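Below is one structure, written out as structure tokens; comments come after it.
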Amino acid sequence: MSAKPHLQSVTDQPTFGETGTPPAQPSTPAAPPAGGPPRGEGEGAGNRAALRQRAEKSLPTDRLSFEKQVEALKWIAQLSGPGKRPVTAEEISASLGLKGNTGGLSNKFFRDSGWIEPGGRGQYVATDGLVAFHRHFGMDSTDLVGAQAYLLGSARASWYWQEIEGMVQGAGVRTAAVLHALARAAGASANHKEQLELVVEWLEWLGLVSRDGEIIAANSLAAVSKSVSETEEQTSVPDAGELMLDDQTPVAEDHPDDIGEQSDGQATLAAPVNPVVDAAIVSMTFSVRITADDAVKLSDDQLKTLLAFAEKLRS
């Protein structure tokens, strides 16, 4: 018995696989909103994330001009004062005529430079160096270099100066090389270039480097020449010829009022009427002269120790 084909009724609805009926097309996604895809989506998400990513080291903000950042540092010194009152970012902003916490965006860079330190949640206090800077500048606003000397010690210990100090010695290097070195040390990218350039601007302001076109070089004298030269004039050790010990310049006892004359023409006072005839237990004669060129080769601790020693000799 031959099989008969079974006939089925055809409905008006198309069925998958039915000849001549195309499959349903997937719905077209809605167009992105004007201005690009939402943050975190689309092809530009990676670039925006890179812009938002923070460097590993604290950098000065690029949302304030360099001049405003210097003003912010001075306001911290004034508001905190010798009493070390904690200062908030909002207070700094108000002093600068800004709103919100914009005035405190460089606080972490100031902290890493050793000029301020945490004073509570979201608050900072001036360090002794910053207080001394403000006091000096307040007494003599024409002597900015002298005031900046109080900020140099901690700045020279900062991560950014430690990174480039060696490479900017002598004839110096190109600005691009300095920025590359700072970016590598800070864990920064090309998106932080403006902030890295601000680091260099701070170094120029401090007098640690100078820029000649595209070349950045260390200022071997600018960092300490003024403060050291002034201190040297006040605490310099006299030359050997100026140190006269009684037992080194004997004068006859029967001429107590005589004034002798050395071969170099310098007058020497006569010995006292009743000179001490006991031999000296300790007798030293030496000459020490430290120039500004010598001083820049010393660490801060070495320089302080040397000057303290010179002061003891003077007294």
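The values are calculated or read from the model by the stated rules, or taken from the named source; none is laboratory data. All figures in this text were calculated on a predicted structure; none of them were measured in a lab. Here the Cβ is made from the backbone with ideal geometry for all residues, glycine too, and neighbour counts use every protein chain on show.
When both residues are 6+ apart or on different chains and their Cβ atoms are under 9 Å apart, which pairs have a first residue that lies in the stretch 124-135 and is over 10 Å from Q78 (Cα atoms) and without any contact (Cβ under 8 Å) to a residue 24 or more places away in the chain, and a second that is buried (at least 20 other Cβ atoms within 10 Å of the Cβ) and hydroxyl-bearing (S, T, Y)?
Within 9 Å, the pairs are D128/Y150; A132/Y150.
Can you confirm whether the stretch 214-222 contains a residue that is buried (at least 16 other Cβ atoms within 10 Å of the Cβ), at pLDDT 95 or above, in contact with a strand residue (DSSP E or B) (Cβ under 8 Å, 6 or more places away or on another chain) and closer than 19 Å to W115 by Cα?
For the stretch 214-222, residues buried (at least 16 other Cβ atoms within 10 Å of the Cβ), at pLDDT 95 or above, in contact with a strand residue (DSSP E or B) (Cβ under 8 Å, 6 or more places away or on another chain) and closer than 19 Å to W115 by Cα: absent.
Might you let me know whether the stretch 183-197 holds any residue that is under 23 Å from L130 (Cβ atoms) and surrounded by 17 or more Cβ atoms within 10 Å (Cβ to Cβ)?
Checked the stretch 183-197: at least one residue is under 23 Å from L130 (Cβ atoms) and surrounded by 17 or more Cβ atoms within 10 Å (Cβ to Cβ).
Those residues that are within 23 Å of K108 (Cα to Cα) and free of Cβ contacts under 8 Å to residues at least 24 places away in the same chain, I need them from the stretch 138-161; list them, please.
Residues satisfying the conditions are A147, Y150.
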